[in-house]
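Taking it in order: structure first as structure tokens, then the write-up.
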């Protein structure tokens, strides 16, 4: 939660606060400090009638799954965002078991299971000299402003992770902006199980280097979200 005071010290007017809420990369500017989750989703341009897993993130607190009628009070310190994750839907047939060809950290798996998303780990080429390990999230929801709503997101997990950092990210299909503007440094490609993914060259700066003690899949996904949101101006 952040606020803006839209007045000057000498104006004599009552300070006017503007409340902000991040809904899956879309920043809402609100006149009131409270908003129902359903209204926030609709105002951000998403469809509240879809079957979402809705997570409220508050700094220093465990993630909290909330419903459409939950009221977010932005006067609560530390509110960061509402995250939307589509629930897995099938047509009655039993879903195929996700592939788990290598293990992530325990903290990673708890984080991902808490999101309720469909994720997999796969190995491309078992030859040690050419082996590449991939973490995949299906139906990854991307910010408004792209020509698609979802993508298959891939992160390459180094063999010595978390000692070695996760770097860049990859999507299928390639992401394009509704504005038609080209996205810089997205010309890398990678073949994952026969499918060509598009790579985004996004790296950590010198002021925020990878820390094996605290960085993991969840912190790299924050970098992914930030990189995508930056392209749409959110």
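General remarks:
- The stretch 47-78 - residue that is touching a strand residue (DSSP E or B) at 6+ places or on another chain (Cβ under 6 Å) and touching a residue at least 60 places away in the same chain (Cβ under 8 Å) and, of those, surrounded by the most Cβ atoms within 10 Å (Cβ to Cβ): 74
- Of all residues in the stretch 91-115, exactly one satisfies the criterion of being at pLDDT below 85 and either assigned by TED's automatic domain parsing to the domain that holds residue 25 or under 13 Å from the mean Cα position of the chain (by Cα) (or both), namely 115.
For every residue, the table says whether it meets (1) in contact (Cβ under 8 Å) with a residue 40 or more places away in the chain; (2) on the phi > 0 side of the Ramachandran plot; (3) surrounded by 14 or more Cβ atoms within 10 Å (Cβ to Cβ).
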{"residue": "119", "(1), (2), (3)": "no, no, yes"}
{"residue": "130", "(1), (2), (3)": "no, no, no"}
{"residue": "143", "(1), (2), (3)": "yes, no, yes"}
{"residue": "153", "(1), (2), (3)": "yes, no, yes"}
{"residue": "157", "(1), (2), (3)": "yes, no, yes"}
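- Hits in the stretch 203-224 (condition: touching a strand residue (DSSP E or B) at 6+ places or on another chain (Cβ under 7 Å) and either more than 24 Å from residue 130 (Cβ to Cβ) or in a loop (DSSP other than H, G, I, E, B) (or both)): 224
- Verdict on residue 163 being touching a residue at least 24 places away in the same chain (Cβ under 8 Å) and exposed (fewer than 11 other Cβ atoms within 10 Å of the Cβ): yes
- The single condition among (1) closer than 27 Å to residue 227 by Cα; (2) at pLDDT 85 or above that residue 68 does not meet is (1).
- Any hit, the stretch 119-130, residues being over 30 Å from residue 196 (Cβ atoms), at pLDDT below 90 and out of contact with any helix residue (DSSP H, G or I) (no Cβ under 6 Å at 6 or more places or on another chain): no
- Condition check for residue 171: at pLDDT below 90, in the same structural domain as residue 133 (by TED's automatic domain parsing) and crowded, with 18+ Cβ neighbours inside 10 Å: no
- Boolean, residue 148 is exposed (fewer than 14 other Cβ atoms within 10 Å of the Cβ), modelled with pLDDT under 95 and touching a strand residue (DSSP E or B) at 6+ places or on another chain (Cβ under 6 Å): no
The values are calculated or read from the model by the stated rules, or taken from the named source; none is laboratory data. All values reported here derive from a predicted model rather than from experimental measurement. No Cβ is skipped: glycine too gets one built from the backbone with ideal geometry, and neighbour counts run over all protein chains shown.
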